Each structure stands twice: as C-alpha cells, then as structure tokens.
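Structure, as structure tokens:
The values are calculated or read from the model by the stated rules, or taken from the named source; none is laboratory data. Keep in mind that what you see is a predicted model, and the values were worked out from it rather than measured. Cβ placement follows ideal geometry from the backbone for every residue including glycine, while neighbour counts extend to all protein chains displayed. Side chains included, ligands, DNA and RNA excluded: accessible areas come from the protein's heavy atoms. Shrake-Rupley method; radii C 1.70, N 1.55, O 1.52, S 1.80 Å.
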Amino acid sequence: MGWGMRNRISQIIKPDTGRTVMLAVDHGYFLGPTSGLEEPRKTIESLAPYADSLMLTRGVLRTSVDPGVSVPIVLRVSGGNSIVGEDLSNETITVSIKDAIRLNVSAVALSIYVGSKYEHQTLKNLAALVSECEEYGIPVLAVTAVGKEMTRDARYLSLACRIAAELGAHMVKTYYCEDFEKVVKTCPVPVVIAGGKKIAEKDALQLAHNAIRDGAVGVDMGRNIFQSQDPVGMIKAVRSIVHKNATPKQVYATLKLGKSKR
Ligand code: R5P
C-alpha cells in the first residue's frame, strides 16, 4: 500500500486509537430529504466538529459544507436508485475519480448488494472503482447494503464483507449482528458498522459498544445521531464509546433527552 493510500486511511481511522467515528449524512441519495437531514448544512454544521469524517454525496458536499472545514470527507460515489424506484440494488458509479480528487476526498464509498438482482453489476462497480482508485491512492469503503429479502445474520454479512475485501475494498461498512466477531475475523480489512434505522438512544449506544467489543474499528452512524433528540450529545457519547472504551451506561447519563424519549 502506497504512502498516499495509508495517509488517507489514517485520516479516517485515527492512529492514536485505531478507531473511527464516521458521520453518515448521505441518505438523501436514495431517500430524499430524510428526517433530520432536511437542511443538510444545519445538521452537518452542528455535528462535524465531533466527527472523524463525513460520509456524504458530492451534491451535499458542494452546497452544504464550508470548504474551510478540516474534517476528512468520505464521498459516496454510487447511486442511481430511489426508495420509490423498481429495485434499490440497481446502482451505478455516480462520480468520476477526477471529481473525487478535485473535491479532495479522503476516501470514496460504494454500495454492493450481494444476493440481489443486481449483485453482479454492483460487484463490478466495486472492482472497477478499486482499480481506478488504486492509481491515485484513494481508499474505497464498500457498503454491504442489505435488500428487504435478506437476513442480516453473520452468515450473510460475512459473505458480503469477505467478497468486498476480496474485490479490493480497503474498508467495509456493514451491520452489527449476532456472532459479529465471525464477520470481523473473516474480513481481512477494517470493518465499521452502520447504525440503521433510529432506535432508542440506549440501544444505539449499546450497539456501538458491542460492535467495538466484537472487533469493529468504529461506526459510520447516521440516523441514530441526527434523528436523536440530542444529536450533539449522541455523537459525543458514541465518540467516548469508540475512542475511550466508555460504557453505554456512563455516556447515556450525559444525554439531554425528554422523559418520553428515555
Ligand atoms: C445507507 O445506504 C447509507 O450509506 C447510510 O450512510 C448508512 O446506512 C449509515 O447510516 P445509518 O446509521 O443511518 O444506517
């Protein structure tokens, strides 16, 4: 691995702890103005100071992030689908490598849909992207997207993560599941977890804790942070779990939640 590639990875996975808190705000690429992300600039401004990187699309990066920002960017470069469209797995590469470089990103991210109708297409997308990115030292984060019909278990997720790594992804983002250690153990590149749909803060903190305990290098969390009643409190709490091995109980007490949300 060349110096540039290693340097970019170390911008994301912090060398002092070997861990990372990525803030995912890319949901609009297929969900439109998701709750909590209606005005991306507002959400990003308040949370970026606590994120090790921002995962977003080039449209939101250009319009809603100040170029003076120091947080590393993980650019989503796959899409072409929507929540109301025919098949979510029908994705293509949406950004040229030249534009990713022009935007000075630290990594690019692309979804694969193992077991879906467009599995082959999305795996080809990943392989082509890795080949191109290798030329410029840009790391690729593969996102193992799960269709409605798939079970998010260790058997399926380890299959998807391993295929992503075998095709050359430098990091993999997946979901937490029972026996998650097996997913991490059989994936030769660093694994981060997505948060998934909004759940109670207590449960989301436990999820982050369990993922780290079981070998993930961090989280790439979105809705459980920006849809929380206390988004800043939540990202700070997740940081303490990821970087300082804090317990969910310790950090939950710091959140400012209304009684009905507890
Ligand atoms: C989904 O396809 C996007 O890549 C999201 O970035 C990802 O799911 C992480 O966000 P969340 O924690 O809201 O699931």
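Could you check H170 against (1) open to solvent by less than 40 Å² (accessible area, probe 1.4 Å); (2) within 16 Å of the ligand (Cβ to nearest atom); (3) not aliphatic (A, V, I, L, M) and say which number it fails?
Looking at each condition in turn, H170 falls short on (2).
Any residue in the stretch 197-223 that is closer than 17 Å to P15 by Cα sitting within a Cβ distance under 8 Å of a residue that is open to solvent by less than 20 Å² (accessible area, probe 1.4 Å) and among the acidic types (D, E)? List the pairs, counting only those 6 or more apart or interchain.
Correct list of pairs: G218/D52.
Would you please name the residue that is farthest from the ligand (Cβ to nearest atom), looking only at residues in the stretch 133-160 that are assigned to a helix (DSSP H, G or I) and open to solvent by less than 10 Å² (accessible area, probe 1.4 Å)?
Among them, the one singled out is C133.
Is there a residue being in a helix (DSSP H, G or I) and either among the charged types (D, E, K, R) or within 15 Å of the ligand (Cβ to nearest atom) (or both) anywhere in the stretch 83-90? Walk me through how you get there before you give the answer.
Looking only at the stretch 83-90, we keep the residues that are in a helix (DSSP H, G or I), and these are none.
Within the stretch 83-90 (the criterion being in a helix (DSSP H, G or I) and either among the charged types (D, E, K, R) or within 15 Å of the ligand (Cβ to nearest atom) (or both)), the answer is no, since none of the residues qualifies.
Within the stretch 163-196, track down each residue that is free of Cβ contacts under 8 Å to residues at least 40 places away in the same chain, among the hydrophobic types (A, V, I, L, M, F, W, C) and assigned to a loop (DSSP other than H, G, I, E, B).
Here is the first cut: in the stretch 163-196, the residues free of Cβ contacts under 8 Å to residues at least 40 places away in the same chain are 165-166, 172, 174-175, 177-189, 191, 193, 196.
Then drop every residue that is not among the hydrophobic types (A, V, I, L, M, F, W, C), which leaves 165, 172, 177, 180, 183-184, 187, 189, 191, 193.
Listed by number, the residues that qualify are C177, C187, V189.
State the number of residues belonging to the stretch 221-262 that are hydrophobic (A, V, I, L, M, F, W, C) and surrounded by fewer than 14 Cβ atoms within 10 Å (Cβ to Cβ).
Going through the stretch 221-262 one residue at a time, the tally reaches 1.
For the stretch 211-220, enumerate the residues that are of a type outside the set (A, V, I, L, M, F, W, C) and either buried (at least 24 other Cβ atoms within 10 Å of the Cβ) or within 13 Å of the ligand (Cβ to nearest atom) (or both).
Correct list: G218, D220.
Kindly indicate whether L37 is open to solvent by less than 10 Å² (accessible area, probe 1.4 Å) and within 12 Å of the ligand (Cβ to nearest atom).
The answer is no for L37.
Give the residue, chosen from K117, K42, that is away from the ligand (no atom under 13 Å from the Cβ), over 21 Å from V192 (Cβ atoms), open to solvent by 20 Å² or more (accessible area, probe 1.4 Å) and part of a helix (DSSP H, G or I).
After applying the criteria, what remains is K42.
Look through I199, I193, I225, I163 and report the one residue that is over 20 Å from M55 (Cα atoms) and within 12 Å of the ligand (Cβ to nearest atom).
On the way: I193 fails: over 20 Å from M55 (Cα atoms); I225 fails: over 20 Å from M55 (Cα atoms); I163 fails: within 12 Å of the ligand (Cβ to nearest atom).
Just one listed residue meets the conditions, I199.
Among the residues of the stretch 173-210, which ones are among the small types (G, A, S) and open to solvent by 30 Å² or more (accessible area, probe 1.4 Å)?
Going through the stretch 173-210, the residues among the small types (G, A, S) turn out to be 194-196, 200, 204, 208.
Residue satisfying the conditions is A200 alone.
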